[in-house]
Amino acid sequence: MKKIEQSKNYTGTELDNLFFRPMLSGDSADKLGVRVLYNMPVPTILSFWHRNPDVLQKYTNSGWSGGSATERTQRTINMSRVKAEASYSASDYFSLVLEEIACRPEINLQDLSGTDLEKAETALFKEAIAESIRVTMWLGNSELEDYPYNSFDGFLKTIIDECKKDDTELVEDSYTSEVVANTEFADIVLDLAWGNANETLRNLKSEGNLAFFVSSDVYNAYNMLLDSASYESAFLARQTGRNELCWHGIPLIDTQVSEYLDSSKFPHSYVILTDRRNLALAVNTSDFPGTEVSMWYNPDEMENRQRAVFMAGCGILMPELVSYIHYTI
């Protein structure tokens, strides 16, 4: 057996349970660092309730003095119909799937069942879909034709467009290569993002959801800066690593898109300070006709092909609660 010829098609609950829910919930969703809205009612709407600062009133024996209803901010996430496709030569595909299951102790390689192969094929395609969603979430630009991530607009484009719409000045700085090599620029740009934040955004720190979403060069430079501290804890961290980097109690999240930035139209180095709940990714596989995942063998081309059709988009609830800077070297 050197090829996999059985076709597979997933819709409805199979599509939900086998493909999308495992990668858009639990630990998989937490790793993205943003709100993930999966199969929410369409149109998918982000909501934020404003706490009334004067609910405390003088006591009276009767009457109602609660004032007006609690205010809320809402924003609709524009979702686009997207598709993910991948093709492999039959022999390469068989090798990839076999590699996926070869290390499992319960697998009998002399008697591979359809279930074993199906799970391996599913895992292979799920990884590709999840990575594509994650990258587009940051680098998406639907206005560009000859661009690999144009299925929907990502956070960077949305932030830049909102700043231009509101005539908000984009904070840009320039650093010499010597400063960047000294790693101190990481602390400088993080401090600049904090200083550029408005008071409302800063006050959200007490709720524990503020985060710096940074390019990999900032993340790595800040890690090296912490290593340079002359403390025993810094020495131990160099030996064992750090599970999380924080700047004055605010975690840093590496967006991990540096390898894709060469083909993008966005700055290669940036810092975004905002509340995690302010950034949301929405995926829907239940409310639109034609949503499916298919895997089949094409004998004419001697290829195994995979295709997923679904809806996806991302949005920012309150752009005014974003402090964004980018810099050049």
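The values are calculated or read from the model by the stated rules, or taken from the named source; none is laboratory data. Quick caveat: nothing in here was measured; it's all calculated off a predicted structure. Because the Cβ atoms are built from the backbone with ideal geometry, glycine has one as well, and the counts that use them run over all protein chains shown. In case anyone asks, the SASA skips ligands and DNA or RNA and just uses the protein heavy atoms, side chains included. Shrake-Rupley method; radii C 1.70, N 1.55, O 1.52, S 1.80 Å.
Among HIS268, HIS248, the order of accessible area from largest down is HIS248, HIS268, computed with a 1.4 Å probe on protein heavy atoms.
Take each peptide in 212-218, 37-43, 56-62, count the other Cβ atoms within 10 Å of every residue, and average; sorted highest first, the result is 212-218, 37-43, 56-62. Tell me, rounded to the nearest percent, the portion of alpha carbon pairs in the range 266-329 spaced more than 15 Å apart. The calculated P(r) of the range 266-329 puts 71 percent of pairs beyond 15 Å. Taking each residue as 0.36 nm, the span from CYS246 to ILE188 lengthens on full extension beyond its C-alpha to C-alpha distance by 19.5 nm.
Taking 0.36 nm per residue of separation and subtracting the Cα-Cα distance, full extension of the segment from ASN61 to GLU99 would add 6.2 nm. The solvent-accessible area of ASP153, taken with every protein chain present and a 1.4 Å probe, is close to 50 Å². A simple packing score, the average count of other Cβ atoms within 10 Å per residue, orders the peptides 139-146, 201-208 as 139-146, 201-208, with the highest score first. Here the dipole of the range 246-325 is about 300 debye; that uses its Cα centre as origin and unit charges on the Cβ of Lys and Arg (positive) and Asp and Glu (negative).
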